[in-house]
Each structure stands twice: as C-alpha cells, then as structure tokens.
1. From K400, K320, grab the single residue that is in a loop (DSSP other than H, G, I, E, B), exposed (fewer than 12 other Cβ atoms within 10 Å of the Cβ), at pLDDT 90 or above and not β-branched (V, I, T).
2. Just wondering, is there one or more residues in the range 96-112 that are in contact with a helix residue (DSSP H, G or I) (Cβ under 8 Å, 6 or more places away or on another chain), touching a residue at least 60 places away in the same chain (Cβ under 8 Å) and farther than 24 Å from Y172 by Cβ?
3. If you check D230 against the conditions, is it part of a loop (DSSP other than H, G, I, E, B), farther than 26 Å from P265 by Cα and in contact with an Asp or Glu (Cβ under 8 Å, 6 or more places away or on another chain)?
4. Evaluate the range 213-223: report whether one residue or more is at pLDDT 95 or above, within 21 Å of A64 (Cα to Cα) and not in a loop (DSSP other than H, G, I, E, B).
5. Of all the residues that make up the range 192-208, how many are surrounded by fewer than 19 Cβ atoms within 10 Å (Cβ to Cβ) and assigned to a helix (DSSP H, G or I)?
6. Restricting attention to helices (runs of 4 or more DSSP H) lying wholly within the range 101-191, give those where 1 or more residues are surrounded by 18 or more Cβ atoms within 10 Å (Cβ to Cβ) and at pLDDT 95 or above.
7. Among the numbered criteria (1) at pLDDT below 95; (2) in the same structural domain as E381 (by TED's automatic domain parsing), which single criterion is violated by F258?
Amino acid sequence: MGKLEDTPKKHSPDEVAYEFIETNYVNGIPFPRLPVTIDTQSIPLQQDYPMRSMDYLDTPEAYALFEKQADLIIKNGWKGIIDVGCRHGPVNDILHAKGYTDYRYMGFDTSTQPIQYANETWQEFNNIEYRVLSWNDFKDKDKDEKFGVNFDVDVMIWSGVLLYEPEEHLWYFDNMQKAYAANNAIIQEPLKDQREECWREDLELNTIEDKLHLYKEKYYEYDSWKLDLDIFSGRRIVSCIKLWEDDNPQWSNWDSEFGVLAGPPRTEILPCGLKVIPYIFKGKLNMELSQRDQTLCQVALLQMEKERHSHRLADNYSRKGLHLGKMFMYNFVFDGDNPVFCSGAQTVNKSSVRVFSRYFAFEQYKTDGTTQLDKNDNFEELRWAMKYIRGKIIFWSRDKSPKFFKRLKEGRPDVFFGWQVLEKKINIIYADNEQYIFYVSKLPPNEQIEFE
C-alpha cells in the first residue's frame, strides 16, 4: 500500500501572483468587470485574459453550471474528456469532490494565466493536462501535434465558446468531434431571455441559442436543461448530444480525419480476460505501448519463428512474410504473459481492410477444430479491432468453400450481424489469388460496394 504522502494532491497557487481581487458584484449578482459605455456593445472574445476577468464563474452562485457538466460525465461513465475554452477547468474540482477521479482530461484555452494556474493546481495529476491553444489552430497542418492526446475521447465540453463563432460554430464542433472520434458532447450557452438584474441594457448578448436546433436535427440524440442562476447572464442552457448510434457505422461524413487526434490504440483487457496488445498500428510499431508490452510481442515473434515451420504456410510467418508494414493493425492476444494468437488487419486498398490476416495460433492454445463457431477470445479481438477501422469494407477471406462463412453468419449473429458472404471467388491482393470473402461495409451510405 502506497504512503499517504505519495498520493497526488491539489496545490493552491499564490493568489497575489495571479492578481486575484475581490469578486465584482452588481446589485448582489456576480458580474464580470466590463466597461460602461453609452452605446450598445457586444462582448468580444478576449484571446488572453487574466484569471480575475471571469471570476464571477468561480462563485457559489455559478457552481450549478459546472456541476451539471460533471453530473453528466459521472452518470455516463465518460473517461476521456476534452474541454474547449476550459479556462482553469472547474469541472475537475467538482469531479474530484464527488469522488470521480478515474478519467483522462485535456483542456485548452487561449489565455495564458488561467492555464498556468490550472497546471500549477493539478501538477501532481498525470491524468489532467492543460494547454494554451486556440481552436483556430485546428485548421493548421500540424494540428495533430498541437491537439493530439494519447487517450480515447468520450466527450467534449463546449462551455460558452461556440457563441464566438456565429457562422462557423457547427464546422468547429463537427470537425473537432470527428477528429477526436468523440461520440458525446456537452454544450453550454446563454439564453436570449435574461433577467433584468443579471444583465445590462447597453450590452448585446452573444448566443447561438437560436441555432441549437441545427445540432438537434443533425445528430442522433439531443437533450437539454435550462438553468436560472444568480450570475451575469444567468439563464443558460446545457445540452447533451450523442452524435451517432452505438455500433452504427452509417453515420454521416466518415473520412480519413476521423479519430486522428485521439492517438493510436493501447493495450486493453478484453471481456474474456485475455489481453490484446496492438503491436503494429498503421504499418509502424505502436509507440504508445509500454516497454514491457513491446517486449512481450517481440518474444512472441521469436516463439512464432520456432513454431511456424510446422505450419502449411510457414513462409507467411517469417519476419519478411508477415508484411507488418502493410498492416493497419497487427495484434497479439495474451493469456497473462503467454501468447494465444496474433492477427492482422491488412490494408488492401483505400477502401478495404482484410481481417485475420497472417493469423497465427500458438501451439499451447490451438484448438482441435471441432468448435469452429467458437474461439479462445470469443471473437473479441476482431470486435475490438473493428472499432478502429472506419470508412472501409472489412472482409475475411479463405480459399476453401464459403460454407464456413455461412455457418458463422447463421451461428454467431451476435458477432456477424450485417456481414455478407460473396458466393464467387475474387482475386485479392496478389495475382492469381482467388478467394471467397465474408464482408461488412463501413463505407458512407452514398458509396457503392464493387467487387471485381
């Protein structure tokens, strides 16, 4: 058991250094410090503001705004969080106060001081990170380096930021959600109708409240809650959006940008208890793996070299014959430290990927073939790999009769629902290499499947 002093703890940055001053109240309502003019003025987006500029949002009166976000995260069990325009990320304080600490978080904001304050506060927590970034940088060529994270993103928080892009808010939302492969979003926006005591007549309200119907119409699920808080612009709407139905590949706008910012897959324990290690990703060694997992796979490759000579396609399992550079993924499945099998998802062309490519079962775990509809992992490695293969035709091929595929489709609809058996052999990958195929399409709805 670790020592108490080894437990990560929050730090309290020096308030003098961050120029904290007393919160601004107007008629008992927390307000930002805005200039008074005789003309109607809009509230501009400040690219770099000090902590005190938005401190009205740190008052007890504003707590419910961020608690709603935290409660949605906890209720849905979301573990990977991106916070757009995060300021100092108050949602983290609430999550931790509620005992929800097992998650990964990256928040970014254009303002330096709040980000510095947040990084100092959470410096001992390796699951929480803050960056000085503008979403305008998302259009840059090096966006992967700037915005990339090494965790799967479950939800993105857009708390009072979309209003600053009245024309392009949906473009940023849609493209950034896709780039993180984030299926869920929390949006917070002010409402047009504000109480007199929570507003100023000389201000023009920025809001996209009247455009939220675009999100409701475009995406799979939309729910919202209206809050009436005793703060500046206290009438707010919090919307929770699910972009597409679970396990439904036929959602709009699949493209090569999908999921690029969430990083490569990482080692996971499958529901059956076996461990899958994605050794190769997009033709290269997966650098997100620990040194220990890399070593496990390398030892397994040496064991494959010893065992392959009894295989009828022995040359396929030499280092050269594996064609790892052509693999979208090449996964090793382990029982503890013992390799059970390895299996590839091979890129065939721009629209198709072959699964169970260079599949190799290790001697200790080979089955006698009497239960062809079952596998040691219950096809869980296949289902796991398919989560990362998007916008492609996924197929499994064999040179013998297609009857095995037909038995799989009929006997394992839990795995192969929607898969089709092609009745005729087709030539795949190499010349004079005709095989039967079993396939499912993850192409966009408007693209046709063609087999030569």
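1. Details: K400 fails: at pLDDT 90 or above.
It is K320.
2. no
3. Numbers: part of a loop (DSSP other than H, G, I, E, B): yes; farther than 26 Å from P265 by Cα: yes; in contact with an Asp or Glu (Cβ under 8 Å, 6 or more places away or on another chain): yes.
Yes: the conditions hold for D230.
4. Scanning the range 213-223, I find at least one residue that is at pLDDT 95 or above, within 21 Å of A64 (Cα to Cα) and not in a loop (DSSP other than H, G, I, E, B), so the answer is yes.
5. Total meeting the criteria: 2.
6. On the way: elements: 112-121, 143-147, 169-179.
Of the helices (runs of 4 or more DSSP H) lying wholly inside the range 101-191, those with at least 1 residues that are surrounded by 18 or more Cβ atoms within 10 Å (Cβ to Cβ) and at pLDDT 95 or above span 112-121, 169-179.
7. (2)
Yes/no per residue for (1) under 20 Å from the mean Cα position of the chain (by Cα); (2) within 18 Å of W158 (Cβ to Cβ); (3) not assigned by TED's automatic domain parsing to the domain that holds P13:
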position	(1), (2), (3)
T110	no, yes, no
Q113	no, no, no
Y117	no, no, no
I128	yes, no, no
S134	yes, yes, no
F138	yes, yes, no
K143	yes, yes, no
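The values are calculated or read from the model by the stated rules, or taken from the named source; none is laboratory data. Please read all numbers here as calculations on a predicted model, not as lab measurements. Virtual Cβ from ideal backbone geometry, glycine too; neighbours counted across all protein chains shown.
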